[in-house]
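Data block below; observations after.
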2 protein chains.
Amino acid sequence: MEETRKRIEVCFTPGEYDYFKDEFEIVVVIDVLRATTAICAAFDNGIKSIIPVPTLEDAREYKKQGYLVGAERKGQIVEGFDFGNSPYSYMKEEFKGKEVVLTTTNGTKSIAAAKDADTVVIGALVNLDAMIEWLIKQNKNTLCLCSGWQDKFNLEDTICAGAISEALIATGNYTSIEDSSIAAKYLYISAKDNYMGYLKSSSHRRRLRNLNLNKDVKYCLTPNLSKSVPILKDGKLYNQE
Amino acid sequence: MEETRKRIEVCFTPGEYDYFKDEFEIVVVIDVLRATTAICAAFDNGIKSIIPVPTLEDAREYKKQGYLVGAERKGQIVEGFDFGNSPYSYMKEEFKGKEVVLTTTNGTKSIAAAKDADTVVIGALVNLDAMIEWLIKQNKNTLCLCSGWQDKFNLEDTICAGAISEALIATGNYTSIEDSSIAAKYLYISAKDNYMGYLKSSSHRRRLRNLNLNKDVKYCLTPNLSKSVPILKDGKLYNQE
């Protein structure tokens, strides 16, 4: 039985991705607070595509060419850019049908790390059920790549990855063999009834609270606000549906 | 209040140690299955000192010089060496009062990574309470460095680190700010009443079971068999008590 099941595994940080890659057809990049949540919100609000770039230099280059460009570092909008990674910043008429560029502290770094995988999709708590449904339809070996915070493990991405893992394993068609995946599942099970409470001591949430971003945090930790399943094609993100 | 408390944090793998070092006076190196457990067992059984070395080449060099040398890779004794990292292999008369050399897949690699810290000590579930008591007496900023399995996260080291963290925080004199430390504590709390059951799906335990090392695994997962608190001094491990 076991060998016919697909794998669903969790990698805690982009720095560990090299130990996992090559075994998975699909990589789900997760940065709950806030890049991948913002990307889902952008597609919900009718954006056409997003070009994720890892560095500020790349972002400045696009800005010169006239693109709408978002840039966030350490939770704040970088000077000289139009917006950061608050999901609310994408809920404006002016974005509809547009192609925008985005660079963030952690999320776009993970997308860059995963870019050579067969398929890269964007996961968050806001599109949890839409993502799970889409992944189950694909029935491929799947890795959840958590973005972490400045190369370190973070709780909110891990809990999101644990939620995806648990749902896929529950179908009977998937299995996990890595300890990181088992831990993610346990952490999700302890957290699922109260994300905000569970994450109250989380380092990144605390950091955003200090920046007065509590409204953003609440949005980011609310499951299933979005039906978007963003996918990377030729270096640009599009919505699949 | 907060700023007078010492920190107790958890680093999941040696590969992430660089993001943590320099902030901690004490590093507790943990490799529950089986290197740090075996080191505690060795001191319980009257060994004088252990020279941990990261590579097989180093180990061979010592063997040429006539030392008793243990070498383990991927759970098995390396050909040409006297013993590996089974705790039972140290429970022999011939080791009493001796200096031995040891290299293992993960544990001695972590010791090598941490070697420049002010103080490096050896933790495992078998010396949990002895270690906690010793750490509380020191009252210093403390990092638990988990050895993981081939550079990836593992559950048993993380649970041991979570147990140490929880006990130190319970004194009121310590605090954790990293998400990895919070996760380790949660995982310990879920696991503490039944380590064997909790770890039944753990990848490394499964690997050792396949090698018929169930007796070793039971020993390694039994808290407080040992009163040893091994410490690194000038490249050699000694027992403090």
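When both residues are 6+ apart or on different chains and their Cβ atoms are under 6 Å apart, which pairs have a first residue that lies in the stretch A:211-229 and is more than 18 Å from A:Gly107 (Cβ to Cβ), and a second that is assigned to a loop (DSSP other than H, G, I, E, B)?
A:Pro223/A:Leu125
State the number of residues belonging to the stretch B:1-21 that are polar (S, T, N, Q) and either more than 14 Å from chain A (Cβ to nearest Cβ) or open to solvent by 10 Å² or more (accessible area, probe 1.4 Å) (or both).
First, pick out the residues of the stretch B:1-21 that are polar (S, T, N, Q): B:4, B:13.
Restricting the remaining residues to those that are either more than 14 Å from chain A (Cβ to nearest Cβ) or open to solvent by 10 Å² or more (accessible area, probe 1.4 Å) (or both) gives B:4.
Residues in the stretch B:1-21 being polar (S, T, N, Q) and either more than 14 Å from chain A (Cβ to nearest Cβ) or open to solvent by 10 Å² or more (accessible area, probe 1.4 Å) (or both): 1 in total.
From the list A:Ser181, A:Ser228, A:Ser176, A:Ser202, pick out the single residue that is crowded, with 20+ Cβ neighbours inside 10 Å, out of contact with any Ser or Thr (no Cβ under 8 Å at 6 or more places or on another chain) and within 14 Å of chain B (Cβ to nearest Cβ). Steps first, answer last, please.
Working: A:Ser181 fails: out of contact with any Ser or Thr (no Cβ under 8 Å at 6 or more places or on another chain); A:Ser228 fails: within 14 Å of chain B (Cβ to nearest Cβ); A:Ser176 fails: out of contact with any Ser or Thr (no Cβ under 8 Å at 6 or more places or on another chain).
Within the list A:Ser181, A:Ser228, A:Ser176, A:Ser202, the selection yields A:Ser202.
Just to be sure I understand, how many residues within the stretch B:100-123 are of a type in the set (S, T, N, Q) and in contact with a Leu (Cβ under 7 Å, 6 or more places away or on another chain)? I'd like the intermediate steps shown before the answer.
In the first step, residues of the stretch B:100-123 are kept if they are of a type in the set (S, T, N, Q); the result is B:103-106, B:108, B:110, B:119.
Narrowing the set further to residues that are in contact with a Leu (Cβ under 7 Å, 6 or more places away or on another chain) leaves B:103, B:108, B:110.
Total meeting the criteria: 3.
Any residue in the stretch B:2-21 that is within 22 Å of B:Ile77 (Cα to Cα) and outside any helix (DSSP H, G or I)?
No, that holds for no residue.
Looking only at the stretch B:150-173, count how many residues are more than 7 Å from chain A (Cβ to nearest Cβ) and open to solvent by 20 Å² or more (accessible area, probe 1.4 Å).
The total comes to 8.
Among the residues of the stretch A:184-193, count how many are closer than 17 Å to A:Val126 by Cβ and open to solvent by 60 Å² or more (accessible area, probe 1.4 Å). If you could, list the steps in order and put the result at the bottom.
Initially, the stretch A:184-193 is screened for residues closer than 17 Å to A:Val126 by Cβ, giving A:188, A:191-192.
Those still in the list that are open to solvent by 60 Å² or more (accessible area, probe 1.4 Å) too: A:192.
Adding up the residues that qualify gives 1.
Can you tell me which residues in the stretch A:69-102 are surrounded by 19 or more Cβ atoms within 10 Å (Cβ to Cβ) and part of a strand (DSSP E or B)?
Hits for the stretch A:69-102 are A:Val69, A:Gly70, A:Ala71, A:Glu72, A:Phe83, A:Val100, A:Val101, A:Leu102.
For (1) out of contact with any Pro (no Cβ under 7 Å at 6 or more places or on another chain); (2) free of Cβ contacts under 8 Å to residues at least 60 places away in the same chain; (3) open to solvent by 60 Å² or more (accessible area, probe 1.4 Å); (4) in a strand (DSSP E or B), each residue gets a yes or a no:
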residue	(1), (2), (3), (4)
A:Leu33	yes, no, no, no
A:Thr36	yes, no, no, no
A:Ala59	yes, yes, no, no
A:Lys63	yes, yes, yes, no
A:Ala112	no, no, no, no
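Residues are listed down the side, and each one gets a yes or a no for (1) at pLDDT below 95; (2) under 30 Å from A:Val10 (Cα atoms):
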{"position": "A:Pro52", "(1), (2)": "no, yes"}
{"position": "A:Ala59", "(1), (2)": "no, yes"}
{"position": "A:Gly70", "(1), (2)": "no, yes"}
{"position": "A:Arg73", "(1), (2)": "yes, yes"}
{"position": "A:Gly84", "(1), (2)": "yes, yes"}
{"position": "A:Lys92", "(1), (2)": "yes, no"}
{"position": "A:Val100", "(1), (2)": "no, yes"}
{"position": "A:Thr108", "(1), (2)": "yes, yes"}
{"position": "A:Ala114", "(1), (2)": "no, yes"}
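Could you check how many residues of the stretch A:127-149 are in contact with a Gly (Cβ under 9 Å, 6 or more places away or on another chain) and either open to solvent by 40 Å² or more (accessible area, probe 1.4 Å) or at pLDDT below 95 (or both)?
Number satisfying all stated conditions: 1.
Restricting attention to the stretch A:22-31, and to residues there that are part of a loop (DSSP other than H, G, I, E, B) and open to solvent by less than 60 Å² (accessible area, probe 1.4 Å), which single residue is farthest from the other protein chains (Cβ to nearest Cβ)? Full working, then the answer.
The first filter runs over the stretch A:22-31 and keeps only residues part of a loop (DSSP other than H, G, I, E, B), leaving A:22-25, A:31.
Checking the rest, the ones that are also open to solvent by less than 60 Å² (accessible area, probe 1.4 Å) come to A:24-25, A:31.
Values: A:Phe24: 15, A:Glu25: 20, A:Asp31: 14 Å.
Checked the stretch A:22-31; the qualifying residue farthest from the other protein chains (Cβ to nearest Cβ) is A:Glu25.
Sort out which residues of the stretch B:220-234 are aliphatic (A, V, I, L, M) and within 14 Å of B:Glu99 (Cα to Cα), and write them in order of number.
To start, the set of residues in the stretch B:220-234 that are aliphatic (A, V, I, L, M) comprises B:221, B:225, B:229, B:231-232.
Across the stretch B:220-234, the qualifying residue is only B:Leu232.
Given the options B:Ser180, B:Ser202, B:Ser176, name the one that is of a type outside the set (A, V, I, L, M, F, W, C), within 18 Å of the chain's Cα centre (by Cα) and within 20 Å of B:Val121 (Cβ to Cβ).
On the way: B:Ser202 fails: within 20 Å of B:Val121 (Cβ to Cβ); B:Ser176 fails: within 18 Å of the chain's Cα centre (by Cα).
Just a single option satisfies the conditions, and that option is B:Ser180.
Given the conditions (1) within 14 Å of another protein chain (Cβ to nearest Cβ); (2) closer than 29 Å to A:Glu79 by Cα, and given that A:Ala114 satisfies all but one, which numbered condition is not satisfied?
Single failed check for A:Ala114: (1).
I'm trying to understand the selection: among the residues of the stretch A:67-82, which are of a type outside the set (D, E, K, R) and under 16 Å from A:Asp216 (Cβ atoms)?
Taking the stretch A:67-82 first, the residues of a type outside the set (D, E, K, R) are A:67-71, A:75-78, A:80-81.
Residues satisfying the conditions are A:Gly70, A:Gly75, A:Gln76, A:Ile77.
The values are calculated or read from the model by the stated rules, or taken from the named source; none is laboratory data. Given the structure is predicted, the values throughout are model-derived calculations rather than measurements. FYI the Cβ positions are ideal-geometry reconstructions off the backbone, even for glycines, and counts take in every protein chain you see. Areas reflect the complete protein model, heavy atoms only, side chains present, ligands, DNA and RNA absent. Shrake-Rupley method; radii C 1.70, N 1.55, O 1.52, S 1.80 Å.
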